[in-house]
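Visitor: Below: one structure in structure tokens.
FYI, it's all coordinate maths here, none of it is from the lab. Given the structure is predicted, the values throughout are model-derived calculations rather than measurements. No Cβ is skipped: glycine too gets one built from the backbone with ideal geometry, and neighbour counts run over all protein chains shown.
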């Protein structure tokens, strides 16, 4: 079985969970990755994945784009095509009126994406994402990670919080900063990531005179260790599909708390869910009962970790691909 994954985004360098999935799938099945020229995540793709780049203007209605993609896909000869996000899924859906290949599309967040309402085979990364799709044929497969070894927790001289994600309005870092300003005990907040909101967040930190308490760390490669060292990992998002940060936290964090976004409400219990955006109240509550909350979160991780291993997630994808091909073969035999 040869599966081609088609990505139309050049990415942002870290959060592309589909790259880790493709790497893991390639250990079991023949895997091809079709991506735009200049994709930022290309250096993360393992050698046994065949990477093919396309060069035409990456716009949905560009005839040159369709012509180039048609030619490349015909030469790849995949048994099944797996697209990620709305743009790639929409582009391939148009092409597939001619190619007529089995098509699977993954919706990674609950926002927009009407194309998923009309496709025959859709993967949603959480129940919340599934609920955003008006389609009866949706299969839920969560995101996963391949855990690495990290060192022991390094002792902090001050209570440390870590938040991770691109610096974007939807991540709620501005709210997190304002909420931390309400804390009445010594703390240090580290925000990991880059993005267009950096200057705005720097100004907010300065306005609230929190330069000694809040640090924007920028892009980091040692996130598992940062999680391990922190007393709390916090997610303040307005919306998520199924957060990679949350999955990583199950493996590395001492405690993880989150707003009630898609994914988090499916995995965490009320001890670790933030009511509204009252982040300071939840942090204060955990600070006062820290050892007990660490024990509860460790138990939660032990219950959930195995099902979020990438090897397990890859097997779920392969089983889904095989089921689709089996059904299509049965339909062809019936027609004959």
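Visitor: Taking other Cβ within 10 Å of each residue's Cβ, how do 312, 317 sort, fewest first?
Guide: Ranking 312, 317 by Cβ neighbours within 10 Å, fewest first, gives 312, 317.
Visitor: Between residue 10 and residue 156, what FRET efficiency follows from the Cβ-Cβ distance if R0 is 35 Å, with the result rounded to 0.05?
Guide: 0.40
Visitor: What does the helix-only formula give at 222 nm for the chain: each DSSP H stretch with n ≥ 4 adding -39500 (n - 2.57), the total divided by the residues, and the result rounded to the nearest 500 deg cm²/dmol?
Guide: Computed ellipticity for the chain at 222 nm equals -12000 deg cm²/dmol.
Visitor: Between the stretch 219-282 and the stretch 82-159, how far is it from one alpha carbon centroid to the other, in angstrom?
Guide: Cα centroid of the stretch 219-282 versus Cα centroid of the stretch 82-159: 20 Å apart.
Visitor: Based on the alpha-carbon gyration tensor of the stretch 159-306 and its eigenvalue square roots a ≥ b ≥ c, which shape applies: rounded if a/c is under 1.5, prolate if not and a/b is larger than b/c, or oblate?
Guide: prolate
Visitor: Normalised by the number of residues in the stretch 155-216, what is the relative contact order in percent for Cα pairs under 8 Å and 6+ residues apart?
Guide: About 42 percent, as a whole number.
Visitor: Based only on the alpha carbon positions, what is the Kirkwood hydrodynamic radius of the chain, in angstrom?
Guide: Value: 21.3 Å, from the Cα pair sum.
Visitor: Modelling each spin label as a point 7 Å along the Cα-to-Cβ direction, I'd like the residue 260/residue 315 distance in nm, to one decimal.
Guide: It works out to 3.5 nm between the two label points.
Visitor: What is the calculated FRET efficiency for residue 148 to residue 295, with r their C-beta to C-beta distance and R₀ = 22 Å, to the nearest 0.05?
Guide: 0.35
Visitor: For an R0 of 22 angstrom, estimate the FRET efficiency from the Cβ-Cβ distance between residue 222 and residue 305 and round to the nearest 0.05.
Guide: The formula returns an efficiency of 0.60 here.
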